[in-house]
Amino acid sequence: MTGGVLSRLARLPATPLGRLRRALRDPVRTQHRLLRKLLRRAEHTDWGRTHGFAPALQSDDVVQAFQEYQGLNSYHAVRAYVDRARAGEANVLWPGRTRHFGISSGTVSSGQLIPVSPAMLRAMTRSSLVPGLQYGSVRSFGYLGGKILSIPGGVSEDPARPGVWVGEVSGLMAAAVPNVMSRRFQAIPRQLMLMEGWDEKLQQIATHTARQDIRAIIMVPSWAPMLFDMVLGSSQSDATTHAARVREVWPGLQVFFSGGVALRSYRPILERYLGSDVDLIESYSASEGFFAFQDDVDACDLLLHVDSGVFYEFVRIEEVDRDRPARHTVADVEPGVDYALFVSTCSGLWAYEVQDVVRFTSTSPLRLRVVGRTGAILDEFGEALHAEEVELALAHAARLTGARCLHHHVTYAPTTGAVTQHEWLLEFAVAPDDLGAFTAALDGYLQEHNRHYLIRREPGVLAPPAVTVLPSGACVTYLRRHRTRMSAQTKLPSVSPDRDVATGLREAAGSLVVESGLQ
């Protein structure tokens, strides 16, 4: 089938891309109709009866009625319902029984498990085709002439509940792809795609694909450097030569479809391996749904998908902690404003906080960028390092080494290379005898308790943490210089993705060294 024919087919209304383009002609009406459909489907669930879905459906303004009956929710508010659904109870959040759950963070035993209904699996599968159809209609469908190397996340049967499957949503979707489609386009067999043991799996993928005609790659970019080094080794290329050698292994490689983490952090790394001839296309999806994608090869913002089984609400970030913040929809969002994202979905999440912060670059069409996460967190590379985890890691390292840390601040270390690093600026009351052991304890704790951190550490994209020991009094000196009023509540920010606080701490530390005559 020629590229021209595929380009014409991609524009047909029945295709996922044609359906989206039709929806984008009136995104407000599309979203309103979607919300009414979601409420109607879930009207007789336990959640729907409790939260007034039936009377909301009687209103002419379904959005206003929904917002009156349904408050905003965090995972804490829905966890008991999710646990009931996971235990096999039907009609809890969404009609029927839910047998698939996506891991949003943590592990199966302790993390956030997001229900994934059959309706959501269909919606996400359909929506995930849109970036490829859009790209092909604009650039070329030549990538379909060879193989697609898609590396989904892992999935396993819940050991406590046979018949219930838990894992990355990409893995749940991969398991649902028809065999005929998988055999035609997928570069690796299903048993290899879903195997356990990540390092061995990557090596086998590299060996299996090194001599194939790979035209497109679909994967989380944090693992790409490790995979590419393995592929270069499997093809007997010199892995230390120019990174564009990957194109010598796969000369037909046309496009890299990225998802899972922000592409902006990994773009320089990928370009070192792929050169400038391979297009990089980003999608924004999560366990909760498929949200947006890069429809313009040269753009740095993403087109909001308004017909993917997800109804969107947006709360200004400065209002998130209010009891009743204003809730905006696609009808009244404004460019340049930072919003916390809330979603209602065909998996039975209702006004649910995704914990992402988005900023619209345009409202006609609806384009946005993901600019961060709510709360104190380092997540530029998808490591999802929260302030609470920082404190727990410090306590763990202190127990092992006998140290006592008075003040701490964690940020990104300055770097000009492809690998980034966290800088931990610490002021000790009792310093560890072995700073290396203390640093290793921090790193080990985070790798054990934060799978996002582990995933970025293992391929070497995230280097071990760097600890900077501050002289006694540095943090108080910083606070005195940068706070207009000192009180018992004045404290040092625990985590920040920018280096403003770190710079101030280093300046304060330097002044103390000068004053002590130890320069």
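Quick one: count up the residues across region 434-457 that are part of a loop (DSSP other than H, G, I, E, B) and in contact with a Ser or Thr (Cβ under 7 Å, 6 or more places away or on another chain).
From region 434-457, those part of a loop (DSSP other than H, G, I, E, B) are 434, 450; that's our starting set.
After this cut, where a residue has to be in contact with a Ser or Thr (Cβ under 7 Å, 6 or more places away or on another chain) as well, the list is 434.
Result for region 434-457: 1.
With respect to H409, determine if the residue is of a type outside the set (F, W, Y) and closer than 18 Å to D500 by Cα. Before the answer, list the steps.
Values: of a type outside the set (F, W, Y): yes; closer than 18 Å to D500 by Cα: yes.
So H409 fits the description; yes.
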Tally time: how many residues in region 399-425 are without any contact (Cβ under 8 Å) to a residue 24 or more places away in the chain and small (G, A, S)?
-> 1
Counting only residues that are within 18 Å of the chain's Cα centre (by Cα) and of a type in the set (S, T, N, Q), how many does region 432-480 have?
-> 2
Unmet requirement for V354, which otherwise passes all of (1) at pLDDT 95 or above; (2) outside the structural domain of G504 (by TED's automatic domain parsing); (3) of a type outside the set (D, E) = (1)
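Among the residues of region 131-147, what is the count of those that are among the β-branched types (V, I, T) and surrounded by 20 or more Cβ atoms within 10 Å (Cβ to Cβ)? Before you say what the answer is, go through the steps one by one.
Step one: of region 131-147, the residues among the β-branched types (V, I, T) are 138.
Retained after the next criterion (residues that are surrounded by 20 or more Cβ atoms within 10 Å (Cβ to Cβ)): none.
Counting residues in region 131-147 that are among the β-branched types (V, I, T) and surrounded by 20 or more Cβ atoms within 10 Å (Cβ to Cβ) gives 0.
Looking at G375, is it on the phi > 0 side of the Ramachandran plot and modelled with pLDDT of 85 or more?
No, not satisfied.
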For residues that are in a loop (DSSP other than H, G, I, E, B) and within 17 Å of K37 (Cβ to Cβ), tally how many sit in region 328-351.
-> 8
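Select, from L349, L304, L385, the only residue that is in the same structural domain as P27 (by TED's automatic domain parsing) and under 24 Å from L263 (Cβ atoms).
After applying the criteria, what remains is L304.
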Output for Cβ contacts, cut-off 7 Å, separation at least six or different chains, first residue within 14 Å of Y69 (Cα to Cα) and not assigned by TED's automatic domain parsing to the domain that holds N91 in region 37-54, second β-branched (V, I, T) and modelled with pLDDT of 95 or more, reads none
Per-region count, region 296-325, residues more than 26 Å from R41 (Cα to Cα) and either part of a loop (DSSP other than H, G, I, E, B) or not basic (K, R) (or both) = 17
Taking the residues in region 251-280 that are part of a loop (DSSP other than H, G, I, E, B) and within 18 Å of S170 (Cβ to Cβ) as candidates, determine which candidate is modelled with the highest pLDDT.
-> G259
When P365 is evaluated against the numbered criteria (1) farther than 23 Å from V62 by Cβ; (2) within 18 Å of the chain's Cα centre (by Cα), which criterion, by number, is the only one it fails?
-> (2)
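Checking the structure you have, find out if any residue of region 140-156 is assigned to a strand (DSSP E or B), aliphatic (A, V, I, L, M), over 22 Å from A224 (Cβ atoms) and at pLDDT 90 or above. Outline the logic, then answer.
To start, the set of residues in region 140-156 that are assigned to a strand (DSSP E or B) comprises 147-150, 155-156.
With the extra rule that they be aliphatic (A, V, I, L, M), the set shrinks to 148-149, 155.
Applying the additional criterion that residues be over 22 Å from A224 (Cβ atoms) yields none.
Looking through region 140-156, none of the residues is assigned to a strand (DSSP E or B), aliphatic (A, V, I, L, M), over 22 Å from A224 (Cβ atoms) and at pLDDT 90 or above.
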The residue that is surrounded by the most Cβ atoms within 10 Å (Cβ to Cβ), considering only those in region 353-376 that are part of a loop (DSSP other than H, G, I, E, B) and without any contact (Cβ under 8 Å) to a residue 40 or more places away in the chain, is G375
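Return yes when L454 is at negative phi and modelled with pLDDT of 95 or more and no when it is not.
On the way: at negative phi: yes; modelled with pLDDT of 95 or more: no.
Spelling it out, it is not the case that L454 is at negative phi and modelled with pLDDT of 95 or more.
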Kindly list the number of the only condition in (1) within 23 Å of V164 (Cβ to Cβ); (2) surrounded by fewer than 17 Cβ atoms within 10 Å (Cβ to Cβ); (3) touching a residue at least 40 places away in the same chain (Cβ under 8 Å); (4) over 26 Å from the mean Cα position of the chain (by Cα) that fails for G96.
-> (3)
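Could you count how many residues in region 436-454 are more than 17 Å from A395 (Cβ to Cβ) and either in contact (Cβ under 8 Å) with a residue 40 or more places away in the chain or surrounded by 15 or more Cβ atoms within 10 Å (Cβ to Cβ) (or both)? Explain how you work it out, then say what you get.
So the first thing to find is which residues in region 436-454 are more than 17 Å from A395 (Cβ to Cβ), and the list is 436, 451-452, 454.
Still in the list and also either in contact (Cβ under 8 Å) with a residue 40 or more places away in the chain or surrounded by 15 or more Cβ atoms within 10 Å (Cβ to Cβ) (or both): 451-452, 454.
Final tally of qualifying residues: 3.
The values are calculated or read from the model by the stated rules, or taken from the named source; none is laboratory data. As the structure is a prediction and not an experimental result, all values here were calculated from the model. All Cβ positions, glycine included, derive from the backbone under ideal geometry; neighbour counts span all protein chains shown.
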